[in-house]
Amino acid sequence: RPPLPVGKFALRMFLHLCVALIVIVVSLFAGMIFYHRLENMPWVDAFLNAVRHTRARGIDVCVHVILGLPGETREDMLGTARAIAGLDIQGVKVHLLYVSRGTALHDMYAQGRYECLSREQYVDILCEFLSILPPGIVVHRVTGDPHKEEIIAPLWALDKQEVRDAIELKLRNMRKKV
């Protein structure tokens, strides 16, 4: 029997899957490269090649960034922004790291070995992070959707509208200063 032709729907689903996988790989790069100081590790080159080859095929790349990883400093987070600003990416999704029930991070938090960003810290870092990115990058997300049954901290993250309002106010104030 001859092979079945790949329909447009199947091809579209395959491309969506590829983009989802790229988002995951980019997330590892953007969130962990500075935290672990892995700038010279082979997987970073593999990631950069994947972005280059993906873009060469006309597929958009969206970076998923989690701010506030254990041990991550403000400068690390802004370094992530500078790193992804130099890539040929089309979008970014950003949210803070929150502690979910029953995870290793929950254990660290309970033992006092991890402290979440305050809302004010997150808003300040996020807005500076966004100001580093080139204007053409689409911002898909600035806050996550933690499940109230699972989240341990920070509880302020549950009020998504309040967080977005604080971000909008900060960005407006930053534009006034320019």
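The values are calculated or read from the model by the stated rules, or taken from the named source; none is laboratory data. Note that this is a predicted model, so its numbers are computed, not measured. Virtual Cβ from ideal backbone geometry, glycine too; neighbours counted across all protein chains shown. Only protein heavy atoms, including side chains, enter the accessible area calculation; ligands, DNA and RNA are left aside. Shrake-Rupley method; radii C 1.70, N 1.55, O 1.52, S 1.80 Å.
Within region 75-93, one or more residues are in contact with a His (Cβ under 9 Å, 6 or more places away or on another chain) and closer than 24 Å to ILE151 by Cβ.
Hey, among the residues in region 111-120 that are farther than 14 Å from ARG164 by Cα and in contact (Cβ under 8 Å) with a residue 40 or more places away in the chain, which one's surrounded by the most Cβ atoms within 10 Å (Cβ to Cβ)? Among those that are farther than 14 Å from ARG164 by Cα and in contact (Cβ under 8 Å) with a residue 40 or more places away in the chain, it is LEU117.
Is it the case, given these coordinates, that ILE66 is farther than 23 Å from LEU158 by Cβ, under 16 Å from the mean Cα position of the chain (by Cα) and either touching a residue at least 60 places away in the same chain (Cβ under 8 Å) or buried (at least 18 other Cβ atoms within 10 Å of the Cβ) (or both)? Criteria not met by ILE66. For region 51-62, residues that are in a loop (DSSP other than H, G, I, E, B) and without any contact (Cβ under 8 Å) to a residue 40 or more places away in the chain total 2. State whether the residues of region 136-151 include one that is more than 25 Å from VAL63 (Cβ to Cβ), open to solvent by less than 100 Å² (accessible area, probe 1.4 Å) and free of Cβ contacts under 8 Å to residues at least 60 places away in the same chain. There is no residue in region 136-151 that is more than 25 Å from VAL63 (Cβ to Cβ), open to solvent by less than 100 Å² (accessible area, probe 1.4 Å) and free of Cβ contacts under 8 Å to residues at least 60 places away in the same chain.
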